[in-house]
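Student: Can you keep this structure in mind? I'll have questions shortly.
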Amino acid sequence: MSEKNHILRRGPRQAERPDPKMTCFAAVPRGAEEIAAHELEQLGAGDVAAGRGGVSFTCNREGLYRANLWLRTASRVLVQLAVFPCSSPDELYAGVHAIPWPELITPAMTLAVDCSLRDSVLTHSGFVALKTKDAVVDRVREACGSRPSVDTAAPDLRINVHLSRNVCTVSLDSSGDALDRRGYRLERNEAPMRETLAAAVVALTGWDGSSPLADPMCGSGTIPVEAALVAAHVPPGLKRTFGFQRWQDFDDRVWKKLLREAEGGIKRLPLGLITGYDRDSRALVLAARNAALAGFEGQLHFFHAALEEFRPEGDTGVVIINPPYGKRLGDEDELRELYCQIGDVLKKRCRGWTGFVLTGNLELAKYIGLKAARRYVLFNGPIECRLLKYELY
């Protein structure tokens, strides 16, 4: 294990606690890697490099906390512990066992192991996870006389093993629950959009809160709430806890300082800046509840209206529409009429605005009947989607 990635246990005095430089990886939904890389650069991370499915970077302890608190498009932040060749169970065990686990976990703590495999001799993720767990608990038992137990639901330490082409990377998951779990969306309507994807959509529109934003098919309000977090300068992680808060080297003073800084920069949204519309009254109840939990009660406005009744307020702004696309909800034949309707509404009622439609069905998108000025590739889980931009004159 490299010296720079050595995460030291809690010392007797916080002021003397080492603050090593760590090599990290932010896991990101495919298509949003460049957005997350820009986010990390803005947060002051070093050596930022976007790759397939994520962004690598370096930071100190404060930088790690800040990344978890502020990243809008990432799903997890992993801290690398060791990288070693691994083409047999013995090599896996030896490589994991060599990590100084007694500095990271005590017998009183719990652990869980997540595993992903690709193009390697070891092909069973369950076996790799079990072998990793054995190496960890054996190393702790040898040092302490007893061993930590496993808790897959809410562990104190979540270990991530990534085995690709017979090279094993062992990391700590600093996030705990996935970062899309912001803490404001307690109830979800059918086929909801992930918060991280909604944040990526908002980022790709270039919207910064200086003009109105409207969502004519807002569902439970994920896009309006994520837009509100941006405009009000609220960190998406403000309402939740993180895995690193259970680590032995957790520095509560640094964490509280970051929270104070964040809370001091929050702005109140002007009336009418962000609006959501939907024909489903139950979804609107959820949207209002989610907005309130996110801290925007009375600042976001939701209206009961069918798409054909939608007309945005103001001369310019951004309209974002996330219609069903026949993969999980609705039938393609029935959805053709909806996509025709989207085109009509954008063309006739949104002049001067910029329209964006996220769809995972390019055949249906043709029925919008407008020429897209730009197309962005994003993934909604395994579904390849396009965010289509329309300049509306």
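Student: For region 65-129, what value does the Rg/Rh ratio take when both radii are computed over Cα atoms and Rh is the Kirkwood radius, given to two decimals?
Tutor: Radius of gyration over Kirkwood radius for region 65-129 works out to 1.01.
Student: Let me ask something else. Give the whole-number value, in cubic angstrom per residue, of the convex hull volume spanned by the C-alpha atoms of region 36-188.
Tutor: Hull volume normalised by residue count: 132 Å³.
Student: Which whole-number percentage describes the relative contact order of the chain, with Cα contacts under 8 Å and a sequence gap of 6 or more?
Tutor: This gives 14 percent for the chain.
Student: Using the structure shown, select from 133/257; 21/267; 348/371; 348/389 the pairs with a Cα to Cα distance greater than 26 angstrom.
Tutor: Table pairs above 26 Å Cα-Cα are 133/257; 21/267.
Student: If one puts a single equal scatterer on every Cα of region 266-338 and applies the Debye formula without solvent, what log₁₀ I(q)/I(0) results at q = 0.15, 0.28 Å⁻¹?
Tutor: Computed log10 I(q)/I(0) values: -0.64, -1.35.
Student: Sticking with this one: In square nanometres and to one decimal, what's the mean projected area of the convex hull around the Cα atoms of the chain?
Tutor: 20.1 nm²
Student: Among 127-138, 255-266, 337-348, what's the highest-first ranking by average C-beta atoms within 10 angstrom per residue?
Tutor: Descending packing order for the listed peptides: 127-138, 337-348, 255-266.
Student: Another question, then. Compute all pairwise cysteine Cβ distances in the chain, then list the cysteines with no distance under 4.7 Å to another cysteine.
Tutor: Cysteines lacking a close Cβ partner in the chain: 24, 59, 115, 144, 218, 340, 350, 385.
Student: Right, another one. On a full-extension model of 0.36 nm per residue, what is the gain between residue 241 and residue 344, subtracting their alpha-carbon distance, rounded to one decimal in nm?
Tutor: My answer for the length gained is 32.7 nm.
Student: Also: Would you mind putting 45-54, 69-78, 107-116 in packing order, based on average other-beta-carbon counts within 10 Å, highest first?
Tutor: Output ranking for 45-54, 69-78, 107-116: 69-78, 107-116, 45-54.
Student: Can you tell me the FRET efficiency between residue 253 and residue 233 if r is taken as the Cβ-Cβ distance and R0 is 35 Å, rounded to the nearest 0.05?
Tutor: Calculated transfer efficiency: 0.90.
Student: Something else about it: Hey, if you drop one equal point scatterer on each alpha-carbon of region 185-299 and run the Debye formula without solvent, what base-10 log of I(q)/I(0) do you get at q = 0.11, 0.12 Å⁻¹?
Tutor: Normalising to I(0) and taking log10 leaves -0.40, -0.47.
Student: Using a simple spin-label model with points 7 Å from Cα along the Cα→Cβ vector, what separation in nm is obtained for residue 285 and residue 373?
Tutor: 4.0 nm
Any read-out appearing in this document is the output of simple, stated calculations on the displayed coordinates, not a laboratory observation. The structure displayed is predicted, hence computed values, not measured ones. Methodologically, a virtual Cβ is constructed for each residue, glycine included, from the backbone with ideal geometry; neighbour enumeration extends over all protein chains shown.
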